[in-house]
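Following: one structure in structure tokens, then a few remarks.
Every number in this text was worked out from the coordinates using simple rules, so none of it is lab data. Computed from a predicted structure; not experimentally measured. Because the Cβ atoms are built from the backbone with ideal geometry, glycine has one as well, and the counts that use them run over all protein chains shown.
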Number of protein chains: 2
Amino acid sequence: MEAIYDLDAENPATAWLTEAADHARAAVRRLARTTLAARNDALLAMARAVFDKRTDILEANARDLAAFSGAAPFRDRLTLTRQHIDTMVSSLHAVAALPDPLRVLDSWTRPNGLRIERIASPIGVLGIIFESRPNVGLDAAALAVKSGNAVILRGGREARATSAALHRAIAAGLAEAGLPPAAVQMAPTPDRTFVAAMLAAEGQIDLLIPRGGRSLVERVRREARVPVLSHADGLCHTYIHRAADIAMATEVLVNAKLRRTSVCGATETLLIDSEIANASLPGILRDLADRGCVFRGDVRARALFPEMVPATEMDFWTEWQDAILSVAVVDGLEAAVSHINRYGSGHTDAILTEDETAERHFMAEVDSAVTIWNASTQFSDGGEFGFGAEIGIATGRVHARGPIGAEQLTTPRYNVIGSGQVRP
Amino acid sequence: MEAIYDLDAENPATAWLTEAADHARAAVRRLARTTLAARNDALLAMARAVFDKRTDILEANARDLAAFSGAAPFRDRLTLTRQHIDTMVSSLHAVAALPDPLRVLDSWTRPNGLRIERIASPIGVLGIIFESRPNVGLDAAALAVKSGNAVILRGGREARATSAALHRAIAAGLAEAGLPPAAVQMAPTPDRTFVAAMLAAEGQIDLLIPRGGRSLVERVRREARVPVLSHADGLCHTYIHRAADIAMATEVLVNAKLRRTSVCGATETLLIDSEIANASLPGILRDLADRGCVFRGDVRARALFPEMVPATEMDFWTEWQDAILSVAVVDGLEAAVSHINRYGSGHTDAILTEDETAERHFMAEVDSAVTIWNASTQFSDGGEFGFGAEIGIATGRVHARGPIGAEQLTTPRYNVIGSGQVRP
């Protein structure tokens, strides 16, 4: 039943993937006839297994950390604690508590009596390529099972022992609930040839989701022969409109920039209306500066707050992922929208204003997966949206935009119910 | 305002497309703020313009036909009559009558008070590559305008004069309604370099839809650097289950196979349960044979109805598009589903049965864009679904499956409405 990794094969990764994809396709067909209760039981059993095997998982993680020689931020991503285990368990519970994503989205009856149902259906076989964060594989598995998809995971080399331990917990949960083990399979080694095999898996993998750094995502987009759902950068903007409540705007911006500077929903650029910049910008930036933020400003911003480096155009294209903020003074809403559509990454952008007309204009014209009114851009997250977990934030323009949860792993298809109709 | 086709440029097609895509992007931003009424006005104005310019359009079509030297079926596809003009006009009216595809799909409020709205939003800039059917460009333009997208059309060489005449009608309609003319642009010549330019238009075209023969579709899928929504073959099955009403099944199958044999929703393979084959298959096939259908059957089918050519395995992979039917006797539902998932093209498959449990099983496990119960597979069509028009039937597994209407030219994105929330 398990796909065989045969080192004597000409291309062991491709041979394994071909077999794994066959098993996955059969699992999808079985999952198609499961009830929501059975899929939820599997998620709860996975949660129990993660909890029961927590010592194994943490020991495996310690082995990965012992072998790891990378920089501190990467070590942080790789590190699991008891706290992380608890978060994984509660994330599985949250996904189990969600309504069934496999539902009738719409239905109507035609004049000839044909009843047409639009049904959210599983995509099929998903491929997830991830790097050092070990929870990504578990989140992907949970969302795939919830939505009736099978998934093939290829984790990063740094997290190989941790990923394998988590996969054992997933497999135990599936087995306990009587779901096919091939619903969640993991590449047996983190050999890079698996990435190449997955990129080439036309007809075997229906959707490939890369989760990791820019070089991984770009390689997948450039080379994949299968459809890809990816998030590019998170170059998010917060725009303080002339009708903003400045106290609120200051508090929201501090959170949007500094709560966690490394997340993709962190604000990288502040835009502020020229009408209010004189009166408000110095105070807003002082608040940020007091918390350790530094600035790259355009000429008009620097005139109002001299303690900043002159911004180059390149700075407005840069996702800092650090306590650095690009600042530009703009002449109103149209200019702000143009700036965002030009320099943004289509991820998340916010307007802070008390003017609802301005807000509507902003939300209609800003071309991003998530637009936010009067709140922090850091809310752009599957958990914060109520999705239980997420496999990234999609910034493409087809299939789905924004946080990818269980519903986003479905595609509408149709059931047509007749009583003998023929077409004239 | 109009993109310039400069024959002195190094690559005139790429230069034109870059400029056209810029204009299209600006048009999308303008369309984002139009009301449904304005978009519908444009569709009705386009309908009036097609009607008013009908003489021009038919004269242009006569010029195309005079220059055409291809085979009869292709000439048929190219030919426009007054009847076709009427159909185009009523199709535009039907699209105008549809509800707004740009709507709030769902909304909910989080415990922190954030309100999240999931909004169906335009994809952006569509590219449509089509061949000889001149109505394809008009249908695509209508659906794009309805859904707030801009579209760049590249029609086939055979229909160049007809397509240009239709484009003049579209442009007149847009102008009359005050919508940007760049919402619908057409490659100024049918030079093949435009196809290459569109395939390479990363960041310029958001979704490419090829409408035409297999070699076009396969080339687009193989070479495109932009997302593609395509339909592969229409290798559709009708499965007569043991609990079928045989009189109804016969009538439905005759329609599914013979109403029009060239459409992608035509049935190509009949599967029938072994339990009822002895009693029913000869009568069913006799009815088809009397109407000119011939058969390629497996051993068991031939034993019951000798007037057929022995089927090779290749026959079950073949989309006949003719009065030819592949026939196989199967041992029940599971075998039928396995046959369809193996040999089918994921387009449209029907079960004929009075047994609702069997129907549910079939519809859950058959992996096709459209599954049909007790009706002709030829109903798999945007018009028959009530979409007013369609740009093909998608047989991929992401974004949308089945007929592509205005709703399928949108992607959900999010508006988040706060009152100063910050993330803890």
- Nearest beta-carbon of B to the rotation axis carrying it onto A: which residue, how many whole Å? B:HIS399, 2
- Message: Just want to confirm a number: the relative contact order over the range B:236-384, from Cα pairs under 8 angstrom separated by 6+ residues, in percent.
- Response: 33 percent
- Message: I need the shape label for the protein assembly as shown. Rule: rounded when a/c is under 1.5, else prolate if a/b > b/c, else oblate, with a, b, c from the alpha carbon gyration tensor.
- Response: oblate
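The range A:236-380: percent of C-alpha pairs farther apart than 27 Å?
Values: 777 of 10440 pairs.
Distances greater than 27 Å cover 7 percent of the Cα pairs.
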- Item | Estimated vicinal HN-Hα couplings, Hz - the range B:236-253 in sequence order (Karplus 6.51, -1.76, 1.60; Gly, Pro = x) | 9, 10, 10, 10, 9, 7, 4, 9, 6, 7, 5, 5, 4, 4, 5, 5, 5, 5
- Expressed as a whole number of Å, what is the distance separating the alpha-carbon centroids of the range B:229-245 and the range A:145-180? 35 Å
- Query: Expressed in whole Å with the largest first, what are the equivalent ellipsoid semi-axes of the range A:330-424 derived from the C-alpha gyration tensor as the square root of 5 times each eigenvalue?
  - Reply: 35, 19, 13
- Item | Residue among A:THR109, A:THR193, A:THR318 with the largest mean-square fluctuation in a Gaussian network model of chain A, springs linking Cα atoms under 10 Å | A:THR109
- Message: Please report Rg (one decimal) and Dmax (integer) in Å for the Cα set of the range B:121-183.
- Response: 11.3, 35
- Paramagnetic label zone (point 7 Å from Cα along Cα-to-C-beta, A:SER262; backbone N under 16 Å) in the range A:111-139: A:131-136
- Message: Angle check, please: helix B:12-31 long axis (alpha carbons) against the longest principal axis of chain B (alpha carbons), in degrees 0 to 90, nearest 10.
- Response: 80 degrees
- Between helix B:54-67 and chain B: long-axis angle, C-alpha atoms, 0 to 90°, nearest 10: 60 degrees
- Going through the range B:1-94, which trypsin sites (Lys or Arg not before Pro) have at most 15 other Cβ atoms within 10 Å and a DSSP loop state? B:ARG33
- Message: With +1 on the Cβ of every Lys and Arg and -1 on the Cβ of every Asp and Glu, and nothing else charged, how large is the dipole of the protein assembly as shown about its Cα centre, in debye rounded to the nearest 20?
- Response: 20 debye
- Query: Which ³J(HN,Hα) values, rounded to whole Hz and listed in residue order, are derived for the range B:170-179 from phi using the Karplus coefficients 6.51, -1.76 and 1.60 in 6.51 cos²θ - 1.76 cosθ + 1.60 with θ = phi - 60°, glycine and proline given as x?
  - Reply: 4, 4, 5, x, 4, 4, 4, 8, x, 8
- Task: Give the calculated FRET efficiency between A:ARG30 and B:HIS93 to the nearest 0.05, with a Förster radius of 30 Å applied to their Cβ-Cβ distance.
- Result: 0.05
- Message: Would you work out the Kirkwood radius for chain B? I mean one over the mean of 1/r across all pairs of different Cα atoms, in Å.
- Response: 23.2 Å
- Of B:ALA266, B:ALA358, B:ALA183, the most mobile residue in a GNM of chain B (C-alpha springs, cutoff 10 Å) is B:ALA358
- So if R0 is 35 Å, what FRET efficiency would A:GLU334 and B:ASP6 give, r being the distance between their Cβ atoms, rounded to the nearest 0.05? 0.70
- Taking the Cα centre of each part, how many Å lie between the range A:13-48 and the range B:13-54? 45 Å
- Query: Does anyone have the angle between helix B:214-223 and the longest principal axis of chain B? Alpha-carbon axes, 0 to 90°, nearest 10?
  - Reply: 60 degrees
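Compute the relative contact order of chain B as a whole-number percentage, counting only Cα pairs closer than 8 Å that sit 6 or more residues apart in sequence.
Result for chain B is 18 percent.
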- Task: Answer with one residue from A:ILE205, A:ALA13, A:LEU65: the one whose Cα lies farthest towards the positive end of the charge dipole of the range A:12-230, charges on Cβ with Lys, Arg +1 and Asp, Glu -1.
- Result: A:ILE205
- Task: Restricting things to alpha carbons, find the Rg to Rh ratio for the range B:58-209 using the Kirkwood radius for Rh.
- Result: 1.07
- Item | Distance from the range B:64-139 to the range B:250-267 (C-alpha centre basis), Å | 25 Å
- Output, in nm with one decimal and in ascending order, the distances from the B:GLU202 label point to the matching label points of the other copies (7 Å from Cα along Cα-to-Cβ). 1.9
- Using a basic spin-label model with each label point 7 Å from the Cα along Cα→Cβ, how many nm lie between A:ARG110 and B:THR81? 2.3 nm
- Measuring label to label, 7 Å along Cα→Cβ, what does B:THR109 give against each other copy in nm, shortest first? 3.6
- Note on the structure: Expected unfolding gain across A:THR18-A:ALA175 under the 0.36 nm per residue rule, minus the alpha-carbon gap, is 54.2 nm
